[in-house]
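Notes for the one structure printed next.
The values are calculated or read from the model by the stated rules, or taken from the named source; none is laboratory data. Bear in mind the structure is a predicted one, so any value in this text is a computation, not a measurement. Positions of Cβ are generated from backbone atoms using ideal geometry, with glycine treated the same way; all protein chains shown enter the neighbour counts. Ligands, DNA and RNA are stripped out before the accessible areas are found, and what is left, the full protein with its side chains, is counted by its heavy atoms. Shrake-Rupley method; radii C 1.70, N 1.55, O 1.52, S 1.80 Å.
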Amino acid sequence: MSALRVTVWNEFRHEQNAKHPASTIYPNGIHAVIAEGLAQQGYDVRTATLDQPEHGLTDQVLADTDVLTWWGHAAHGEVADALVEKVYKRVHEGMGLIVLHSAHFSKIFRKLMGTSCDLKWREAADKELIWIVQPGHPIAEGLPECIEIGDEEMYGEFFDIPQPDELVMVSWFSGGEVFRSGCCYTRGRGKVFYFRPGHESYPTYFNEHVRRVIANGVRWAAPSNSATPVFGNTKPRIS
Ligand code: ZN
C-alpha cells in the first residue's frame, strides 16, 4: 500500500512577525513542525500556506491529498470562499480533514459543522490535561491515559459544535474549565477530526504525544473505499 498523502495547511502569519513569540518557536512555520512529525510516521507529506497562489491548494493538490490538516487564526477571512467550497466538496468525496486549535473558527470547519463554533478562551499559560475518554478509539493508539501540556491557551465550554459522532478527548485547564478537545465527525464519505491544543505562542507541536494524536488522526481520517452516494429519482431495486 502506498503512503497516505497528507497536505499540511497553515495560515503562516504569526511566525513571520518578528515581534511575535511564534517567530522564535516556529521560525519555519507551524506547518514545518507538523509536517516533520507526520513525515516521521512514514506519510507522504507536503505543505501549503495562505499566501501562496490559490493558498497552495490547487485543484491538483486537493485531488492528490488523502488527508488535509488545517491551522489558521488571524486570517480566516482571507481564505477564498471558492477554495472553501472545493475543500468542502473534497471532504464529502472522502478526503480526511484534521482541524487544529484556532481553526475552530475557520470557514471550512464552520461550514462543515453548521454552527458558530464559538468558545471561551484565555491566554494565560494555563496548564492543560487532555484526558482520553475513548481508549479503544484508533486516535488513542499508543497514548497515555492523559496528555499533560505545561503551558497552553485555555479553551472552555460551551463549545458551540454539533454533538460529536465520537468524543475521544476532554481537556481540563488549571483555571477550572473543561473542553471537548478531540471530536470526530463524518460528512458525506469524509471524516473530520477536531483537535484542540496548538496555540502559536507555545511549543505544543513539538510534544511527542500531540504529534502522535495528529498522526493517529490522519490514519483514522484516511479515505475509505465506500461507494459514491447516488442521489435523485431512482428505479426500484426489485421489480
Ligand atoms: Zn490560540
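Couple of notes before you dig in:
- Residues that are in contact (Cβ under 8 Å) with a residue 40 or more places away in the chain, open to solvent by less than 40 Å² (accessible area, probe 1.4 Å) and away from the ligand (no atom under 16 Å from the Cβ) within the range 28-44 comprise G37, L38, Y43, listed in sequence order.
- The number of residues in the range 1-27 being in a loop (DSSP other than H, G, I, E, B), touching a helix residue (DSSP H, G or I) at 6+ places or on another chain (Cβ under 7 Å) and surrounded by 14 or more Cβ atoms within 10 Å (Cβ to Cβ) comes to 4.
- Residue-level analysis places P236 among those that are surrounded by fewer than 19 Cβ atoms within 10 Å (Cβ to Cβ), away from the ligand (no atom under 16 Å from the Cβ), part of a loop (DSSP other than H, G, I, E, B) and more than 17 Å from the chain's Cα centre (by Cα).
- Hits in the range 159-196 - residues which are of a type outside the set (A, V, I, L, M, F, W, C) and in a strand (DSSP E or B): E166, S171, R180, S181, G182, Y185, T186, R187, G190, K191, Y194
- Of the residues making up the range 153-198, just one is in contact with a helix residue (DSSP H, G or I) (Cβ under 6 Å, 6 or more places away or on another chain), open to solvent by 10 Å² or more (accessible area, probe 1.4 Å) and closer than 20 Å to L143 by Cβ, namely K191.
- In the range 46-55, residue farthest from A82 (Cα to Cα) [restricted to those that are open to solvent by less than 80 Å² (accessible area, probe 1.4 Å) and in contact (Cβ under 8 Å) with a residue 40 or more places away in the chain]: T47
- Breaking point among (1) in contact with a strand residue (DSSP E or B) (Cβ under 7 Å, 6 or more places away or on another chain); (2) over 16 Å from R196 (Cβ atoms), for F109: (2)
- Residue within the range 199-206 that is of a type in the set (G, A, S), open to solvent by 10 Å² or more (accessible area, probe 1.4 Å) and over 19 Å from the mean Cα position of the chain (by Cα) present: no
- Selection within the range 128-142 - within 15 Å of W220 (Cα to Cα) and either open to solvent by 50 Å² or more (accessible area, probe 1.4 Å) or not β-branched (V, I, T) (or both): Q134, P135, G136, H137, P138, A140, E141, G142
- If you go through the range 56-78 and keep only what is more than 16 Å from the ligand (Cβ to nearest atom), open to solvent by 10 Å² or more (accessible area, probe 1.4 Å) and either part of a loop (DSSP other than H, G, I, E, B) or over 14 Å from S106 (Cα atoms) (or both), you end up with G56, T58, D59, Q60, V61, A63, D64, D66.
- Count of the range 114-148 residues, restricted to those that are part of a strand (DSSP E or B) and at positive phi, is 1.
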